[in-house]
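Peer 1: After the structure tokens below, expect a handful of questions from me.
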Amino acid sequence: MPSSRGSLRPRDGPASLMSPPLAEVAVAEFHKKIKEAFEVFDHESNNTVDVREVGTIIRSLGCCPSEGELHDLIAEVEEEEPTGYIRFEKFLPVMTEVLLERRYRPIPEDILLRAFEVLDPAKRGFLSKDELIKYMTEEGEPFSQEEMEEMLSAAIDPESNSIHYKDYITMMVIDEN
Amino acid sequence: MGSGTSTQHHFAFQNAEKAFRAAALIQRWYRRYVARLEMRRRCTWSIFQSIEYAGQQDQVKLHNFFSYLVDHFTPSSHNERDFLNRIFTEERSPQASETQNCGDYDSIEVPDSYTGPRLSFPLLPDHATALVEAFRRKQRLHARYVLNLLHEARKHLVQLPNINQVSTCYSEEITVCGDLHGQLDDLIFIFYKNGLPSPERAYVFNGDFVDRGKDSVEILMVLFAFMLVYPKEFHLNRGNHEDHIVNLRYGFTKEVMHKYKIHGKKILKLLQDVFCWLPLATLVDEKVLILHGGVSDRTDLELLAKLDRHKIVSTMRYKTRKENKKQAEEKGNANQTGSAGRPSPWFLPQSRSLPSSPLRPSTHKAHRAGRSSSVPCGVPLDPKELSRRVRRSVDLELERCRQQAGFPAIKEKEEPSSSESEVDSDAEEQPQPTPEEWRQVVDILWSDPMAQEGCRANTVRGGGCYFGPNVTERLLQKYHLQFLIRSHECKPEGYEFCHSRKVLTIFSASNYYEVGSNRGAYVKLGPELTPHIMQFQANKATHTLTMRQRISRVEESALRALREKLFAHSSDILVEFKKHDKDETGLIALSDWAAAVESVLHLGLPWRMLRPQLVSSLTDNKLAYKSWLENLAKEKLSQQNIQSSLLETLYRNRSNLETIFRIIDSDHSGSISLDEFRHTWKLFSSHMNIDITDDCICDLARSIDFNKDGHIDINEFLEAFRLVEQSCSGGDVSDCPQVTNSSNRDCSSPGAH
């Protein structure tokens, strides 16, 4: 799936439209947020995180990139010679830009619902367990087995062996906040 | 082939693409969801850890305070001197004579109505197994057998070296377990899963058997029983919680006194001695070193092997008054950090020039403080001069004063009789450990590994060091070892390797912070001593929960603890908020909220991450802080009679207050006088620069005395905090083996006593 190549967008995004003081405040606040999230995974307290955790950090900051987009972002923050670690100094400016430009916005509930409905053309209101597995592991950016199992454990109604996606979405969204 | 088919193809292709994109969208969304859950899990863990370590620092401060009292406080009245004396004379080293202890249990009769397990010595393997079974069925061992078992255990321990040598020639497998902290279910689970101890199945338990959990007594009984039955195969190391002073704060003392109302004190006294006879480390095949905390760059195994471990009663002990008078005279003004390696307590005037918050760097993980002098006090002194004769004459003097003042003779039960035997054992009295010996032991019981190279003072815990990979490497090389096994730190998976797999942390108390918070683990050493880790979680309920549910549950518990902390500091937080709200709008920006809260609590938590769970409603992206604080208070305010400001003070100092209570209540009667409480609290708070007026203290004391009888009963005291021992709320209480035992207070099962 082609990524949106966010990194190649011109750099005169929303930040440049704000008046300077506001932009500064926004940036300062973003810096603090990013630092906090980063530190949660900085186990050795040396301003680096394992590259495999960067996705979690980015997503917990409110962004919802696809795997492809994530891949590109990581390429931007990695060292010339990848070490398996990402340094905060490289991460901060890139992530700040992402937040300022409001890239990779989360998916609204109704769009999510429509996605499920696409997979359920007969409009039954549910997907069978097998169907869900098929779509999630064969289409799009496939799930790993672990991801699939975890999703199933919460989503599948054991009696009908299906996922009633409308209820599922509602439950997950409430849980978020 | 016609246009029809190609349209079909076209539609088919379009549909396929739509499905593809729909799937991708769902996956994208789901991955974000999982990431947020993961972040919440980590934050929850940070909350628990930072609160736990902050509590440990409090503990250190408290004991530094008492040491300071002993060092410097000049009582202004007979009352005060008497009062202080009463506290500190209990802390004398236990008697060496055995004859005294023998009489401890022989005279205790076990009623016929007792249906609990009965022990006879020498113990047989069946007895030990039966004991496990009895405890599993929630029976309680009679005090007589407890004392007898402890007595036998002590006899055995005394013969052991400081560093136990174990060889795999004899047993085919060795299993090493970490902290259990009173969680009997975990121990039973380990025996069930891994098998009971036997000549072919050796075990090493690496300290911290007691405190926090509710079955510390039972765990000790089982461990000691197996130790007696399989002395060559069953080994115990001392942990930092095998320490009667630490026990005052973390629940073991409470548990013993609760379960054994009549004989508890005797049991505690004997335990005090038994704990100091526990070996300090175990060495397997001269290749794998097992000890509770860690090492430092000064760790000297030869010294550790040679010292008299029995002299180290507590890694946090405070000195007796008389010792210190001597010390004060001798050392004059030598209070500098470097002098003779004796650290000066952080709160003394000279040490104010040290880093501002000596025990609290900006995040609890930041090991940036240099080697500071804030180590637990109680560095023991020159031995010889502290003669019992001096002490006794002071006692006599005090007794006279007491009588003159018209005080009832305080029932210091052992005092009169022990002074006789003291004269006899004068010659055999144990000298104090040297500062170096003491430090060596503290290091191995308290240290934690860190990722960075080097060795720094462990300012988070207040004792021991942080040791880096180079320290480990040097030690392993120096003593030709393969790797180190230690415990002391809770890990989400129950274990963790570090220092290039040269250090293994093993922690066996599952669900330590809360049901679902972490797994427990144990490690089996196979041929060539390769480690095989086994994990477990001794609570069936967690298996049926989804990841989301498990995380929510633990999170709720952490948040509750955090909200309580916030409440406990409401006044200070309000002051900080106001600083950010000069215009008095009543609103505060979220960024300022985070800064304000951190500047008061110093927990180093990711407040912005936590914000959605702590702050529910915002106006215009700002928080109306007064009502937010009021809501925090509402959770606590249903407590009768106590105004919110007092309540806040209580909560803020809860653990310290409880510990102080237990220290004052040296005869474990469960009750202290208002005066004693007020007095100690006054000293403590002025010392800690806690801003609290005399009136406030009186009010506090009076409020806690619910039945207005001039005494504070420990139950009243705990009631003031609505202490619920285990909070199994929000989930299926019935599923939790660790169901709250607050109802057991009046338990009068036949097995009791």
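Since every read-out is calculated from the coordinates, none of them should be taken as a lab result. These numbers come from a predicted model, not from an experiment. Glycine also receives a Cβ, built like all others from the backbone with ideal geometry; neighbour counts cover every protein chain displayed.
Peer 1: If the viscosity is 0.890 mPa s and the temperature 25 °C, what Stokes-Einstein diffusion coefficient in µm²/s follows for the range A:61-177 when Rh is the Kirkwood radius over Cα pairs?
Peer 2: The estimated diffusion coefficient comes to 147 µm²/s.
Peer 1: Compute and list, largest first, the equivalent-ellipsoid semi-axes of the range B:199-302 from the alpha carbon gyration tensor, each √(5λ) rounded to a whole angstrom.
Peer 2: The three semi-axes for the range B:199-302 are 26, 17, 11 Å.
Peer 1: Taking 7 Å along the Cα-to-C-beta vector as the label spot, tell me the B:D709-B:S616 distance in nanometres, rounded to one decimal.
Peer 2: Roughly 4.2 nm, to one decimal.
Peer 1: Between B:A624 and B:D675, how many nm apart are label points set 7 Å from Cα along the C-beta direction?
Peer 2: It works out to 5.1 nm between the two label points.
Peer 1: Something else now. In whole Hz, with x marking every Gly and Pro, tabulate ³J(HN,Hα) for the range B:126-134 from phi via Karplus 6.51 cos²θ - 1.76 cosθ + 1.60, θ = phi - 60°.
Peer 2: Using θ = phi - 60°, the values come out as 4, 4, 4, 4, 5, 5, 4, 4, 4 Hz.
Peer 1: Expected output is a single nm value to one decimal: the length gained when fully extending between B:R137 and B:T7, i.e. 0.36 nm times separation in residues minus the C-alpha distance. What is it?
Peer 2: The span from B:R137 to B:T7 would gain 39.4 nm if fully extended.
Peer 1: Give the calculated FRET efficiency between A:R87 and B:N470 to the nearest 0.05, with a Förster radius of 22 Å applied to their Cβ-Cβ distance.
Peer 2: So the FRET efficiency works out to roughly 0.45.
Peer 1: Apply the Karplus curve 6.51 cos²θ - 1.76 cosθ + 1.60, θ = phi - 60°, to the phi angles in the range B:177-184 and return the couplings in whole Hz, x for Gly and Pro.
Peer 2: Coupling constants for the range B:177-184: 10, x, 3, 10, 6, x, 9, 4 Hz.
Peer 1: What does the average come to when, for each residue of peptide A:150-161, you count the partner chain Cβ atoms lying within 10 Å of its Cβ?
Peer 2: The shielding value for this peptide is 2.
Peer 1: Still on this structure: Peptide A:138-149: average number of partner chain Cβ atoms within 10 Å per residue? Don't jump to the answer; show the numbers that get you there.
Peer 2: Numbers: counts 3, 9, 10, 6, 3, 5, 0, 0, 0, 4, 0, 0.
Per residue, the average neighbour count from other chains is 3.
Peer 1: Turning to a different aspect of this structure: P(r) for the range B:496-633: what percent of alpha-carbon pairs falls in each 5 Å bin, starting at zero?
Peer 2: All Cα pairs considered, the percentages come to 2, 8, 15, 16, 12, 10, 10, 9, 8, 5, 3, 2, 1, 0, 0.
Peer 1: How high is the FRET efficiency between A:V27 and A:N47 when r is their beta carbon distance and R₀ equals 25 Å, given to the nearest 0.05?
Peer 2: Computed FRET efficiency for A:V27 and A:N47: 0.85.
Peer 1: Once the Cβ-Cβ distance between B:E173 and B:T585 is put in as r, and R0 is 45 Å, what FRET efficiency do you end up with, to the nearest 0.05?
Peer 2: 0.10
Peer 1: Relative contact order (percent) for the range B:124-214, with alpha-carbon contacts under 8 angstrom and 6 or more residues of separation?
Peer 2: Relative contact order of the range B:124-214: 30 percent.
Peer 1: Once label points are set 7 Å from the Cα along Cα→Cβ at both B:H480 and B:V110, what is their separation, rounded to one decimal in nm?
Peer 2: The answer from the label model is 4.9 nm.
Peer 1: Starting from 0.36 nm per residue, how many nanometres of slack lie between B:K18 and B:E453 once their C-alpha separation is accounted for?
Peer 2: 151.2 nm
Peer 1: Please list, by residue number, everything in the range B:448-478 whose backbone N is under 17 Å from a paramagnetic label point 7 Å out along Cα→Cβ of B:E436.
Peer 2: It comes to no residues whatsoever.
Peer 1: So, one more: Considering only Cα-Cα distances, which of the following residue pairs are longer than 23 Å: B:K138/B:K565; A:K129/A:K166; B:K155/B:K491; B:K254/B:K306; B:K155/B:K254? Numbers along the way, then the final one.
Peer 2: On the way: B:K138/B:K565 34 Å; A:K129/A:K166 15 Å; B:K155/B:K491 35 Å; B:K254/B:K306 34 Å; B:K155/B:K254 26 Å.
Violating the 23 Å limit, Cα to Cα: B:K138/B:K565; B:K155/B:K491; B:K254/B:K306; B:K155/B:K254.
Peer 1: On full extension of the chain, what length is gained from B:V575 through B:R563, given 0.36 nm per residue of separation minus the C-alpha to C-alpha distance? Walk me through the numbers on the way to the answer.
Peer 2: Working: separation 12, 0.36 × 12 = 4.32 nm, distance 1.76 nm.
Between B:V575 and B:R563, full extension yields an extra 2.6 nm.
Peer 1: By counting other Cβ atoms within 10 Å of each Cβ, how are B:K708, A:K32 ranked from fewest to most?
Peer 2: Working: B:K708 8, A:K32 16.
Arranged by neighbour count, lowest to highest, B:K708, A:K32 become B:K708, A:K32.
Peer 1: If you don't mind, there's one more thing I want to ask. Out of all DSSP beta bridges in the range B:446-548, what portion is antiparallel? Express it as a percent rounded to 5.
Peer 2: Antiparallel bridges make up about 70 percent of those DSSP assigns within the range B:446-548.
Peer 1: For the ranges A:34-45, B:239-250, B:573-584, B:129-140, what's the packing order if you count other beta-carbon atoms within 10 Å of each residue, average per peptide, and put the highest first? Don't skip to the answer; put the middle values down first.
Peer 2: Details: A:34-45: 19.7, B:239-250: 25.2, B:573-584: 14.2, B:129-140: 17.3.
Result, highest mean first: B:239-250, A:34-45, B:129-140, B:573-584.
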